[in-house]
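Have a look at the structure below before the remarks.
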Amino acid sequence: MLSEHSVPITAMTASFEKTTDKTVEQTAAKHASLQGGLLPCLHEIQAELGYIPNEHLENIATAFSLSTAEVHGVVSFYHDFRTSPSAQQSIQICCAEACQASGSRELEAGVAGVLGVEFDETHPTDNYRLERVYCLGNCACGPSVRINDDVYGRVDLGSLPQLVSEAVQS
């Protein structure tokens, strides 16, 4: 039974979509005339919404007189940009060459089995997202992993579950 304060889910979804549309449209318009305005635009949209909605890349491209592929290329090039809502916490595994030479390929290949989540997905119970990144600036101590704001070096499949467990519990 709905109370007098209840709002149907469809109304809440429609309201969020209008807010998203308005945010993207206004932010793109604000930055479109500025030289080099695409990156600040994308950062602002992500700061406001938590991610850059894939379905709005075409609108952003139109505002900047670019192709959707060009905007997608920028969004996908920088690992800090997300095109879907993210979890509160993140687990990032460095996949750059220096870490690959130190064993990150093995870490990358086995991480889904030990953590129970695939890359670019959110763990269903522990509320963290597993992501690939390309350089955490810890090359001498690879393979490197960043859990939230902390960077760990010389991580292997044996030590990763405990590091994640300790980090997501705190």
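The table below gives the values:
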{"quantity": "Calculated on alpha-carbon atoms, Rg and Dmax of the chain in Å", "calculated": "19.1, 61"}
{"quantity": "Whole-number percent relative contact order across the chain, with pairs defined as alpha carbons under 8 Å at least 6 apart", "calculated": "17 percent"}
{"quantity": "Antiparallel %, DSSP beta bridges [both residues in the chain], to 5", "calculated": "55 percent"}
{"quantity": "Estimated Rh, the stretch 29-128: Kirkwood, alpha-carbon pairs, angstrom", "calculated": "15.4 Å"}
{"quantity": "Isolated Cys residues of the chain, judged by Cβ distance under 4.7 Å to other cysteines", "calculated": "Cys41, Cys95, Cys135, Cys139, Cys141"}
{"quantity": "Around Leu160: net Lys/Arg minus Asp/Glu count, Cβ-Cβ under 13 Å", "calculated": "-2"}
{"quantity": "Pair Thr19, Cys141: separation of 7 Å Cα→Cβ label points (nm)", "calculated": "4.0 nm"}
{"quantity": "The stretch 89-169: relative contact order in percent, alpha carbon pairs under 8 Å with at least 6 residues between", "calculated": "37 percent"}
{"quantity": "Cβ charges +1 (Lys, Arg) and -1 (Asp, Glu), total dipole of the chain, debye", "calculated": "220 debye"}
{"quantity": "Estimated 222 nm signal from helices in the chain, with DSSP H stretches of n ≥ 4 weighted -39500 (n - 2.57), rounded to 500", "calculated": "-14500 deg cm²/dmol"}
{"quantity": "Cβ-based charge dipole, the chain, positive-most Cα from Ala167, Ile52, Cys135", "calculated": "Cys135"}
{"quantity": "Stokes-Einstein diffusion coefficient of the stretch 80-137, Kirkwood radius over Cα pairs, 25 °C, 0.890 mPa s, in µm²/s", "calculated": "207 µm²/s"}
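A short reminder: the numbers here are calculations on the coordinates, not readings from a lab. None of the values given here were measured: they were computed from a predicted structure. Using ideal geometry, Cβ is built from the backbone for each residue, glycine included, and neighbour counts are taken over all protein chains shown.
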